[in-house]
Amino acid sequence: STRIKKEKVLRQSLKAGYEILQKGGSSLDAVEAAVIVLENSECFNAGRGAVLTKDQTIELDASIMSSD
């Protein structure tokens with residue numbers, strides 16, 4: 001079912017971020033790794049949803065903020 005697929009991707013996303021933290025990586029790197037898993041999944045709209053610009057091109061923008 002769709003719910004089971006989404007839960008699987010969420011677990012993969014959490015694992016990706018957690019593994020970076022376990023290895024001493026930064027929280028910023030962990031968040032990036034977790035989001036990449038979501039962006040690569042068809043179960044979620046992360047990294048999707050762009051509309052055409054006035055020039056008929058697709059533009060996506062993303063950012064992660066840090067308190068540094």
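The values are calculated or read from the model by the stated rules, or taken from the named source; none is laboratory data. Bear in mind the structure is a predicted one, so any value in this text is a computation, not a measurement. Here the Cβ is made from the backbone with ideal geometry for all residues, glycine too, and neighbour counts use every protein chain on show. Note: areas computed on protein heavy atoms with side chains; ligands, DNA, RNA excluded. Shrake-Rupley method; radii C 1.70, N 1.55, O 1.52, S 1.80 Å.
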note = Given a 1.4 Å probe, the accessible area of the chain per residue, as a whole number of Å², is 86
note = The size of the Cβ-based charge dipole (Lys, Arg +1; Asp, Glu -1) of the chain about the Cα centre, to the nearest 20 debye, is 500
FRET E, pair I64, C43, Förster distance 22 Å, beta-carbon r, rounded to 0.05 = 0.55
request  = For region 4-11, take each phi angle, set θ = phi - 60°, evaluate the Karplus expression 6.51 cos²θ - 1.76 cosθ + 1.60, and give the result in whole Hz per residue in order, putting x for glycine and proline.
outcome  = 5, 4, 5, 4, 5, 5, 4, 5
note = extent check for the chain: Cα max minus min per principal axis, descending, whole Å, gives 45, 41, 14
task = At 0.36 nm per residue, minus the direct Cα-Cα distance, what do D29 and R11 gain on full extension? Give it in nm, one decimal, please.
result = 4.8 nm
inquiry  = I'd like the orientation of helix 27-39 relative to the chain: the angle between its Cα long axis and the longest Cα principal axis, in ° from 0 to 90, rounded to 10.
reply    = 50
ask   = For the chain, what is the calculated [θ] at 222 nm in deg cm²/dmol (nearest 500), taking -39500 (n - 2.57) for each run of four or more DSSP H residues and dividing by its residue count?
value = -17000 deg cm²/dmol
ask   = Residue separation times 0.36 nm, minus the C-alpha to C-alpha distance between L21 and T2: what's the value?
value = 3.9 nm
